[in-house]
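Undergrad: Below you'll find the structure I mean.
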Amino acid sequence: AQHLGTMVLNVCNTQGRQALDETGVVVTSLVPLFEEFASTDQPDSVRLQTTANCVAFGEALSGFAEHGPLRPSEIALLQRILPLVVSTIDDRSWRVRWTAAAKFAGVIKAYDQLPDAMESLVPAYEKLLQDPEAE
């Protein structure tokens with residue numbers, strides 16, 4: 001789980017936009033793996049990587065968005081990844097929520113130029129600010 005985000009960036013740098021097509025390796029292999037790692041069935045130590053991996057996905061999508069609008073398959077991918085970012089904020093583990101808070105600036109930077117991302121992320125950040133845990 002720790003290096004999944006790096007792998008996504010490397011695959012996107014090597015294969016280009018086709019890696020994010022519906023039949024591309026990111027969508028068919030890496031995203032399902034990522035969704036499994038982000039699942040609440042996983043231990044905290046695995047879910048802790050979710051935010052960093054979401055940043056990598058956002059950076060990959062943003063890199064392609066710089067060269068024109070996102071394709072439908074890329075928008076669909078964004079719609080699969082954003083809920084995973086938001087789920088870290090509602091996680092039962094304070095360590096996962098703390099990690100999400102600590103890396104939130106990176107999340108914002110990675111998703112800032114992507115369509116409708118801020119509409120999901122700003123309310124999530126507001127929720128983080130109200131977290132009752134002292135950490």
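Undergrad: Sequence-distant or interchain residues sharing an amide H contact under 5 Å with residue 49, placed H: which?
TA: none
Undergrad: What does the charge count around residue 122 come to, taking other residues whose C-beta lies under 13 Å from its C-beta (Lys +1, Arg +1, Asp -1, Glu -1)? Walk me through the numbers before you get to the answer.
TA: Numbers: positive: 127; negative: 112, 116, 119, 126.
So the environment of residue 122 carries a net charge of -3.
Undergrad: Just tell me, in residue order, which DSSP H segments of the chain are both 24 angstrom or longer along the helix axis (alpha-carbon based) and at least -0.5 in mean Kyte-Doolittle hydropathy. It would help to have the intermediate numbers written out before the result.
TA: Values: long enough: 72-89 (27 Å, 1.22).
Counting only whole DSSP H runs, the qualifying helices are 72-89.
Undergrad: Dipole magnitude of the chain about its Cα centre, charges +1 at Lys/Arg Cβ and -1 at Asp/Glu Cβ only, in debye to the nearest 20?
TA: On the way: 10 positive and 18 negative charges, 44 e Å.
That gives a dipole near 220 debye.
Undergrad: Now for a different question. Find the Rg to Rh ratio for the chain, where Rh is the Kirkwood radius over alpha-carbon pairs and Rg uses the same atoms. Walk me through the numbers on the way to the answer.
TA: Numbers: Rg = 14.2 Å, Rh = 14.8 Å.
Answer for the chain: 0.96.
Coordinate-derived values only; no laboratory data. These numbers come from a predicted model, not from an experiment. Don't worry about glycine lacking a Cβ; one is built from the backbone with ideal geometry, like all the others, and counts go over all protein chains shown.
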